[in-house]
Amino acid sequence: MPSGQVYPSSEPARWKYLDRIRTRAGPFTVPELFNGETSAEAQEKMKVLVIGAGGLGCELLKNLALSGFKDIHVIDMDTIDISNLNRQFLFRQSDVGKFKAEVAAAFVEKRVKGVKITPHNCKIQDFDEDFYMQFQIVVCGLDSIEARRWINATLVNMVDDTVEDSYKPLIDGGTEGFKGQARVILPTITSCLECQLDMHAPRAAVPLCTLASIPRQPEHCIEWAHVIAWDKEKPFPQLDKDDPEHITWLYQKALLRAREFNISGITYSLTQGVVKNIIPAIAATNSVIAAACCNEALKIATSCAPYLGYPDNNYMMYSGNDSIYTYTFRHEKKDDCPVCGVSARELQVDPKWTLQELVDSFATRPEAQLKKPSIRAEGKTLYMQSPPSLEEQTRPNLEKTLAEELGLVDGQEIGVTDPAFATVSFKFKLKFT
Amino acid sequence: MTEIVMSQTPPILHRPSEKERKYDRQLRLWAASGQAALESANILLVNSGSGTVGVETLKNLVLPGIGRFAIYDEAKVEEADLGINFFLDEDSLGRSRAESLTGHLLELNPEVQGDAYPNENVKTLKSLLTHSPVFTTIMYTHPITPENISLLESYGQQHQTPLVAIHSAGFYSYFRIHLPGAFPIVDTHPDETATTDLRLLTPWPELVAFAEELTKDIDNLSDFEHGHLPYVVILLHYLEKWKAEHGGSHPSTYKEKTEFRRIVQSSARTKNAEGGEENFDEAAAAVLKTLVVPSLPSGLKGIFEYEHTHPAEQRSGFWLIADAVKAFYEKHKCLPLPGKVPDMKAQSKVYIQLQNIYKARARKDAAEILETVQATPGGQNIDPAEVELFCKNAAFVKLINTTTGTISRADRLREAAAQEFANDENAEMTLQPLSLLPIYLAMQATAHVEDWPSREEILARVAKMVPGSDENERVRQAMEEVARAEGGELHNVAALTGGMVAQETIKIITKQYIPIDNTCVFDGINSRCQILRL
């Protein structure tokens, strides 16, 4: 017979299997951190936030509810589209057009008795730190790097050694096709999403001159229709990438362009894929990654087993294309991380560059990826994207060269802000080449 | 100019159907052919124990639209099921678990059909297997009775049906795929970057002529033309020069190649407006990757050497084509050309011409192979598209599960254990992760339906499987963790394992991507997997 007592939770018959694990120690449980008598009760009192109610989000809600969490919030601004139904299993044909967070929350609440799920049909940026302070764990199932970076920066910023409960473990999942990753971030303690940014290098953009004059691939023709032809002809006031009529217009334009250059391979599906930057997604992969995330959430909440982030590994990579391969490793914290690091990150720049060139370079550098940067140096504002009056005032600086005309020197620190990342200021140190 | 063309010939519209829209995100992975295979699949789940991992697997197969499934499960729904299984609710209590699960799973996709067993007409697993239409894949979950396993195994043998055994308990799980024979995959979806095959060391006359024509007056080309020479042409041009200066041989050592790369890079014009040439940068960057004497990939070598003597293999299109490709390789000392040209800086017209030269050669190679196939008995009915796909993927075609029946499963486990434990001895030095075989052993000792065994009993069974392994510290730890769960699942580990099994099942049904060979063990304490051949 197994030794170690099971401490029955509030509904012992229902949580029979879970209680065996969460209320008694196993061979790998760290005894100093674990108290089987109180672990279930403590977990049930926790508030967990799920960000995203899509492919991963649906799975996350189900998994958390069946892991014994009782108070869950979910944020998603999107509505349900027909193309979600192949994996977002809480939604039906009749739900198309409704808010994802609302439908998902209601479904799981109804199916799993005793769990409370609060939906928020809005953007994460609509909430301030007070809102995020109420949760003990945040789990992300997002498809956008920007939203991830925003919540990461916010949670890192919230850490205050004098405020109890200001550390919010962030568990992040992501998938693409048969591949994905699950990682745990203990803000300021382990490597944060920003430290790991270079693992998600932006796709190289096709040069404009290729689109404009020497297309070779079907994608070039589609991008031409999207970037050049649409702006020139404005067939509809605003491009809506979810409107089949708009995609059809782009498709036809791309097709004609391709014909002109003898390029083959344009399809409606490819057009839609390129314009919307569609990432293939299936239920099976979401199932793997979301469950890996929630497995960590259960371990963090109850200390019933060691979790990612403590003591060593914090990142699991999963690939199912060729057999199954996981790589679970420790991603090191970076001292010069612009969000959680103590020193400024080195930034290679040519002193002869204009400020405009520096501003543009932020978007494509794998270590920065800032699309609308505002730049300050030692109390001096070099360029501000907003408000309009400041933008106008600082705009002339864009023409000036960094060293000679703006007086910046090698090794100088600059602060960069971007509207996508709230109040966080990224620290960089100029390194002249 | 474009506008004029537009008014003359409005293109035909191919807007996606309702179904294509619903399945859009997965069609981008396995295309219409994979979808059709899924839709004709009929999958049986024999469910038992705490009953979640198989259902999570089915969820991930019902959503993408398999044709049909059946659940065989003798249990009645209890309170504990509601704490672990999402596809049961308060109304299910006391009812047949198979029936409740089937009902809830069917809500996920109206295009899928499903049946629950046992029912009034079909009361046992045996009668289900006798009376049902043939199953495409069978999954069963542990714990299960040895009688049921042998029923399923003999069914699998008789109908050539893949079997998947799944076992999930606490933080641990494993699953094992039992394929009926050697399993070839043509459409393996290799990484795009791996597939470039330009044959720059063995160019054929049309390619040589094309490159010569573009570079015959290379120094007098305008900056625009010079800056838009495709890198393939640039490399061919400087290779010719190199050969002329080196007694007809290519740069072959690393030193020679870096020297060649320097020559290419330094031939770029730098006094132009851009201060350099992107196409020469591309050419220099491609030197080490493309100037490689091709060798036969190990996967294909295995296929060429495999003796396909089973009657089913004799009839299969795959082996007919593989034999023809082998004959082609022996004759020409190279594989059929895939024919794909990566994007590179070039004028549109020149790039398309280059593309057409590669395509034409690929078509010629494929035609030669098709001819060989058709000249073989049974080869007349082979679809030319199948030959074409094989030629395109030849370097990446893969054969798994080639084990021959000379060694028993019990011996194979012992051999694997010896190897794994030996590796663990050196793990600190080799920086390899520790083996997950101890988890498999501890779980395998509790794989059958019975009263829960004592720790001593579990260790005794482990020792019976692999003598001496009960002394291993990590086996003992794994046993403790297994004892903690007492066979009960954790929802997360069941869901994670269900995701992996669904991926593998999709790969087997669609014959796309590469399935595991043959056992996957998951450790939810350290969040990692290991694939073992057991």
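Could you list, in sequence order, all residues of region A:392-407 that are farther than 18 Å from A:K429 by Cβ, out of contact with any Ser or Thr (no Cβ under 8 Å at 6 or more places or on another chain) and surrounded by 14 or more Cβ atoms within 10 Å (Cβ to Cβ)?
A:N397, the sole residue that qualifies.
Here are the criteria: (1) touching a residue at least 24 places away in the same chain (Cβ under 8 Å); (2) surrounded by fewer than 19 Cβ atoms within 10 Å (Cβ to Cβ); (3) among the aliphatic types (A, V, I, L, M). Tell me which single one A:A13 does not satisfy.
Status for A:A13: all satisfied but (1).
Any residue at all in region B:254-271 that's touching a residue at least 40 places away in the same chain (Cβ under 8 Å), open to solvent by 20 Å² or more (accessible area, probe 1.4 Å), of a type outside the set (K, R) and assigned to a loop (DSSP other than H, G, I, E, B)? Spell out how you get there, then give the answer.
From region B:254-271, those touching a residue at least 40 places away in the same chain (Cβ under 8 Å) are B:269; that's our starting set.
Subset that is open to solvent by 20 Å² or more (accessible area, probe 1.4 Å): B:269.
So of that shortlist, the ones also of a type outside the set (K, R) come out as none.
No, region B:254-271 has no match at all.
For region A:361-377, check the following and say yes or no: at least one residue is out of contact with any His (no Cβ under 9 Å at 6 or more places or on another chain), assigned to a helix (DSSP H, G or I) and either open to solvent by 30 Å² or more (accessible area, probe 1.4 Å) or modelled with pLDDT of 90 or more (or both).
Yes, region A:361-377 contains a residue that is out of contact with any His (no Cβ under 9 Å at 6 or more places or on another chain), assigned to a helix (DSSP H, G or I) and either open to solvent by 30 Å² or more (accessible area, probe 1.4 Å) or modelled with pLDDT of 90 or more (or both).
If we only count helices (runs of 4 or more DSSP H) wholly inside region B:8-82, which ones have 2 or more residues that are in contact with a strand residue (DSSP E or B) (Cβ under 8 Å, 6 or more places away or on another chain)?
B:24-39, B:53-62
Does region B:388-404 include one or more residues that are loosely packed, with under 15 Cβ neighbours inside 10 Å and touching a Lys or Arg at 6+ places or on another chain (Cβ under 8 Å)?
No, the conditions are met nowhere in region B:388-404.
Does region B:160-170 contain any residue that is outside any loop (DSSP other than H, G, I, E, B) and at pLDDT below 95?
no
Check A:I289, A:I300, A:I278 and return the single one that is open to solvent by 10 Å² or more (accessible area, probe 1.4 Å), more than 21 Å from A:T210 (Cβ to Cβ) and either touching a strand residue (DSSP E or B) at 6+ places or on another chain (Cβ under 9 Å) or part of a helix (DSSP H, G or I) (or both).
A:I300
Check region B:328-351 and report whether any residue there is within 13 Å of another protein chain (Cβ to nearest Cβ), within 23 Å of the chain's Cα centre (by Cα), open to solvent by 40 Å² or more (accessible area, probe 1.4 Å) and under 30 Å from B:D219 (Cα atoms).
Looking for residues that are within 13 Å of another protein chain (Cβ to nearest Cβ), within 23 Å of the chain's Cα centre (by Cα), open to solvent by 40 Å² or more (accessible area, probe 1.4 Å) and under 30 Å from B:D219 (Cα atoms), one finds at least one in region B:328-351, hence yes.
Can you find, within region A:163-191, the residue that is nearest to the other protein chains (Cβ to nearest Cβ) among those that are open to solvent by less than 10 Å² (accessible area, probe 1.4 Å) and without any contact (Cβ under 8 Å) to a residue 40 or more places away in the chain?
Applying the filter and picking the extreme gives A:L170.
Considering region B:51-81 alone, what residues qualify as being open to solvent by 10 Å² or more (accessible area, probe 1.4 Å) and within 7 Å of chain A (Cβ to nearest Cβ)?
B:E79, the sole residue that qualifies.
Among the residues in region A:299-315, are any farther than 30 Å from A:E41 by Cβ and within 8 Å of chain B (Cβ to nearest Cβ)?
no
Go through A:D335, A:D312 for me and flag whichever is assigned to a loop (DSSP other than H, G, I, E, B), under 21 Å from A:A291 (Cα atoms), among the acidic types (D, E) and open to solvent by 50 Å² or more (accessible area, probe 1.4 Å).
Only one candidate qualifies: A:D312.
With respect to B:R315, is the statement that it is of a type outside the set (A, V, I, L, M, F, W, C), open to solvent by 80 Å² or more (accessible area, probe 1.4 Å) and modelled with pLDDT of 95 or more true?
Spelling it out, it is not the case that B:R315 is of a type outside the set (A, V, I, L, M, F, W, C), open to solvent by 80 Å² or more (accessible area, probe 1.4 Å) and modelled with pLDDT of 95 or more.
Has region B:437-445 got any residue that is away from chain A (no Cβ under 12 Å), farther than 29 Å from A:C294 by Cα and open to solvent by less than 10 Å² (accessible area, probe 1.4 Å)?
No, every residue in region B:437-445 fails to be away from chain A (no Cβ under 12 Å), farther than 29 Å from A:C294 by Cα and open to solvent by less than 10 Å² (accessible area, probe 1.4 Å).
In the set A:Q348, A:Q385, which member is open to solvent by 40 Å² or more (accessible area, probe 1.4 Å), of a type outside the set (D, E) and closer than 22 Å to A:I145 by Cα?
After ruling out the rest, the residue left standing is A:Q385.
Among (1) polar (S, T, N, Q); (2) away from chain A (no Cβ under 14 Å); (3) free of Cβ contacts under 8 Å to residues at least 60 places away in the same chain, where does B:S40 come up short?
(3)
Looking at A:N262, A:N277, which one is within 7 Å of another protein chain (Cβ to nearest Cβ) and out of contact with any Leu (no Cβ under 8 Å at 6 or more places or on another chain)?
Of the residues listed, the single one that is within 7 Å of another protein chain (Cβ to nearest Cβ) and out of contact with any Leu (no Cβ under 8 Å at 6 or more places or on another chain) is A:N262.
Please state which one of A:Q369, A:Q356, A:Q385 is over 15 Å from A:D418 (Cα atoms) and either in contact (Cβ under 8 Å) with a residue 24 or more places away in the chain or among the hydroxyl-bearing types (S, T, Y) (or both).
Values: A:Q369 fails: over 15 Å from A:D418 (Cα atoms); A:Q385 fails: over 15 Å from A:D418 (Cα atoms).
Checking each option against the conditions leaves just A:Q356.
Just one of the numbered conditions (1) buried (at least 22 other Cβ atoms within 10 Å of the Cβ); (2) facing another protein chain (nearest Cβ under 7 Å); (3) out of contact with any Leu (no Cβ under 9 Å at 6 or more places or on another chain) is not true of B:E486; which one?
(1)
Looking only at region B:419-436, filter to residues that are of a type outside the set (S, T, N, Q) and in contact (Cβ under 8 Å) with a residue 40 or more places away in the chain; which one of those is least open to solvent (accessible area, probe 1.4 Å)?
Checking each candidate, the answer is B:L436.
Quick one: in region A:68-78, which of the residues that are crowded, with 24+ Cβ neighbours inside 10 Å and under 19 Å from A:S303 (Cβ atoms) is farthest from the other protein chains (Cβ to nearest Cβ)?
Here the residue is A:F69.
Quick one: A:Y307 ticks every box in (1) touching a helix residue (DSSP H, G or I) at 6+ places or on another chain (Cβ under 6 Å); (2) farther than 30 Å from A:H246 by Cβ; (3) surrounded by fewer than 24 Cβ atoms within 10 Å (Cβ to Cβ) except a single one, so which number is it?
Single failed check for A:Y307: (3).
Being more than 10 Å from chain A (Cβ to nearest Cβ), within 26 Å of B:K398 (Cα to Cα) and in contact (Cβ under 8 Å) with a residue 60 or more places away in the chain, is that true of even one residue in region B:448-455?
Scanning region B:448-455 turns up no residue that is more than 10 Å from chain A (Cβ to nearest Cβ), within 26 Å of B:K398 (Cα to Cα) and in contact (Cβ under 8 Å) with a residue 60 or more places away in the chain.
Could you please let me know if B:M443 is over 20 Å from B:C520 (Cα atoms) and in a helix (DSSP H, G or I)?
No, not satisfied.
Please verify whether region A:45-62 includes one or more residues that are under 20 Å from A:Y310 (Cβ atoms), at pLDDT 95 or above, open to solvent by less than 10 Å² (accessible area, probe 1.4 Å) and within 14 Å of chain B (Cβ to nearest Cβ).
Checking region A:45-62: at least one residue is under 20 Å from A:Y310 (Cβ atoms), at pLDDT 95 or above, open to solvent by less than 10 Å² (accessible area, probe 1.4 Å) and within 14 Å of chain B (Cβ to nearest Cβ).
Right, B:L413: farther than 30 Å from B:V462 by Cα, among the hydrophobic types (A, V, I, L, M, F, W, C) and touching a residue at least 12 places away in the same chain (Cβ under 8 Å) or not? Don't jump to the end; show me each part of the working.
Working: farther than 30 Å from B:V462 by Cα: no; among the hydrophobic types (A, V, I, L, M, F, W, C): yes; touching a residue at least 12 places away in the same chain (Cβ under 8 Å): yes.
No, not satisfied.
The values are calculated or read from the model by the stated rules, or taken from the named source; none is laboratory data. This structure is a prediction, so every number in the text was calculated from the model and none was measured. Virtual Cβ from ideal backbone geometry, glycine too; neighbours counted across all protein chains shown. Just the protein is used for accessible areas: all its heavy atoms, side chains included, with ligands, DNA and RNA removed. Shrake-Rupley method; radii C 1.70, N 1.55, O 1.52, S 1.80 Å.
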